[in-house]
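The values are calculated or read from the model by the stated rules, or taken from the named source; none is laboratory data. What you are looking at is a predicted structure, and each value in this text was computed from that prediction instead of being measured. Ideal geometry is used to build each Cβ from the backbone, glycine not excepted, and the neighbour counts take in all protein chains shown.
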Amino acid sequence: MKRLSALIVTGLLTIGLASGCSSGAETQELVLETKHAAMPDYVLNSSPIVQETYLMAANYPEVLASVPCYCNCNASAGHMNNLDCFVKDMGPDHAVNEWDPHGIA
């Protein structure tokens, strides 16, 4: 009887540990909302990480706008923050009207 109890406890602990090791976090696919201009070919033909970065710029513009640009593109392109490297023109409703190719450089 002790052996059966030990096997059951061991089995339950193994199942508990195995289920606890899964992250439980589901990845969320980023989607370009219809209010934004279509992604240009230079983004669509780039790596998945570049495409994801442009999507992040569209979905979270306030985050990129809060990060200053340190690549000196403010002098050459007039950029004031990281959002400017990806978005050339954004409307008042945070809709991307025009993309900027600087983000793939």
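Of the residues N45, N97, N72, N82, the single one that is polar (S, T, N, Q) and in contact with a Pro (Cβ under 9 Å, 6 or more places away or on another chain) is N82.
Scan the helices (runs of 4 or more DSSP H) fully inside the stretch 46-99 and keep the ones with 1 or more residues being surrounded by 11 or more Cβ atoms within 10 Å (Cβ to Cβ) and touching a Phe, Trp or Tyr at 6+ places or on another chain (Cβ under 6 Å). Reasoning before the result, please.
Working: elements: 48-59, 61-65, 73-77.
Qualifying helices (runs of 4 or more DSSP H): 48-59.
Filtering the stretch 19-41 for residues that are surrounded by 11 or more Cβ atoms within 10 Å (Cβ to Cβ), at pLDDT below 90 and within 18 Å of the chain's Cα centre (by Cα) leaves a non-empty set.
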